Amino acid sequence: MRLLPRTLDVPTSPIADAHRWVTERSGGPPLLDLSQAAPAYPTAPVIAEHIARVAADGDGGRYAPPPGLPVLLDAFSDELTRSYGPDGTVSISDEQILPTGGCNQAFCTAVSTIAEPGSEVIVPVPYYFNHDMWLKLDGIVPRYLHQLDVDQAEQLVNEQTRALVLVTPGNPSGATMEPELIHQFYLLCRRHDLALIIDETYRNFRTVTDPPHRLFAEPDWDDTVISLHSFSKDLAIPGYRVGAIVSSEAFKVEVLKFVDCVQICAPRIGQEATAIGLNQARDWRQEQVDRINLALDHFTQVMARQPGAFSLASAGAYFGWVRHPFTIDGPFEPLPTDEVIRRLVLDHGIVAIPGTAFTPSDEGWIRFSYANLEPAEIDEFAQRLDRMGSKS
Ligand SMILES: Cc1ncc(COP(=O)(O)O)c(C=O)c1O
């Protein structure tokens, strides 16, 4: 059989790659895992108890209606309407929401509905690696935007352009975009009849509670906006595979053709878990966010003194986006980032994702996920960076 060259050209997922050095460790200090962005804690008790009941129920294992379980659609449309329009200016309907098998499936099916091989999609750098992977697997050309600047983005638009992607808060940057800047990108997309795909996986992990943007208050927002959501982190159910697309009713009908072929419906059990979580686990969700934001404060504080000459560029959600010191402009002999990662794992017991998973070339970045670390582990992490710097 002949495999597609474009598939062979796409590198494998960086999470597994980062762990390949871990298997070569023998001894050393306990591993500090800053590679994963998945919650390390169990889901809310109210969700676990509900799922046990659903699993025992006669209907628990059946397909869900492909457009989504009504109880989930109602819960999520309410939540979106409230949190994006506390002043009553937003109204999201159940028909504008399509539950998907996670936010990754939401992205892939949405992109495949609007772009074909040879189409172009504008992607700010650093990007979420699965977005870049999917575009390439589908033969779509990612056009990299090296600064979050609307004029620069406009220069990349041509006949082939179909969409512009934003991720806020960002993975890997952790940075939250200002609503005004998001709005400028929306206007750009509207001017050129492009889709604005906005991945809001980490929306609830922001440090502010204001609406993330004001797009849903625009009269014809759903002609342009495809807003993507994930419940993996928010409800600590990554294995339940639930996310959502929020766009127009007509778009939902078209994406459903893809979902029907690849998964038929988002998992019933996951939709049940999400609905009960949105309706009954609000306090629990807030507790997780508060705890992770305390970790953010601590991480930001320890990184402020640039341990080992590692320098924090931005942080938030789950991530710190850090420039390592082994670059041409750094204080030590330059090294490829993969080699820095190898040394971090083998010599210092720190596992993290090389920035090369999120940028088209090696620019000396590393993504550290601090969200699952205790404060004492964050201190220990910084001391190990110090040691790496002092030995170089
Ligand atoms: C920006 C972003 N989008 C999507 C996903 C995938 O989410 P899901 O588990 O809902 O597919 C992730 C997970 O890390 C992510 O960081």
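Taking every C-alpha pair closer than 8 Å and separated by at least 6 residues, the mean separation divided by the residue count of the chain gives a relative contact order of 24 percent.
Considering only DSSP beta bridges with both partners in the chain, what is the antiparallel share in %, to the nearest 5?
50
Note on ASP9 and ASP78: their simple-model spin labels are 4.9 nm apart, each label 7 Å out from Cα toward Cβ. Alpha carbon centre of segment 1-25 versus segment 346-392: separation in Å? Cα centroid to Cα centroid, the span is 21 Å.
The eigenvalues of the Cα gyration tensor, multiplied by 5 and square-rooted, give segment 1-42 an equivalent ellipsoid with semi-axes of 30, 16, 7 Å from largest to smallest.
For segment 1-116, compute the orientation-averaged projected area of the C-alpha convex hull (one quarter of its surface), in nm². Present the calculation step by step, with values, prior to reporting the outcome.
Values: hull surface 57.1 nm².
With every direction weighted equally, the projected area is 14.3 nm².
At an R0 of 56 angstrom, the distance between the Cβ atoms of SER311 and GLN160 translates into a FRET efficiency of 0.90. Label-to-label distance for ALA40 and ARG191 is 4.6 nm, based on points extended 7 Å past Cα in the beta-carbon direction.
Within segment 222-344, the proportion of Cα pairs with more than 24 Å between them is 54 percent.
Taking each residue as 0.36 nm, the span from ASP379 to GLU95 lengthens on full extension beyond its C-alpha to C-alpha distance by 97.5 nm. Distances between every pair of Cα atoms in segment 133-282, grouped in 5 Å steps from 0 to the bin holding the largest one, split as 2, 8, 15, 20, 21, 18, 11, 5, 1, 0 percent. In order along segment 14-20, the phi-based Karplus estimate (6.51 cos²θ - 1.76 cosθ + 1.60, θ = phi - 60°) of 3J(HN,Hα) comes to x, 5, 5, 4, 5, 7, 5 Hz; Gly and Pro are listed as x. Note on segment 206-254: the C-alpha convex hull projects to 4.6 nm² when averaged across all orientations. Evaluate the Debye formula for segment 80-158 with equal point scatterers sitting on the alpha carbons, no solvent, and hand back log10 of I(q)/I(0) at q = 0.13 Å⁻¹, in q order, two decimals. Evaluating at q = 0.13 Å⁻¹ gives log10 I(q)/I(0) of -0.57. In plain terms, the chain from ASP386 to ARG53 could stretch by 114.9 nm, reckoned as 0.36 nm per residue minus the Cα-Cα distance. Projected label points at ASP338 and ASN293, each 7 Å from Cα along the beta carbon direction, are separated by 4.0 nanometres. Spatial offset of segment 265-338 relative to segment 51-78 amounts to 31 Å, using the alpha carbon center of each.
Quotient of the Cα radius of gyration of the chain and 2.2 N^0.38 Å, N being its number of residues: 1.00.
Readers should treat all values here as calculations from the given coordinates under stated rules, not as data from a laboratory. Computed from a predicted model, the values in this text were never measured in an experiment. Glycine also receives a Cβ, built like all others from the backbone with ideal geometry; neighbour counts cover every protein chain displayed.
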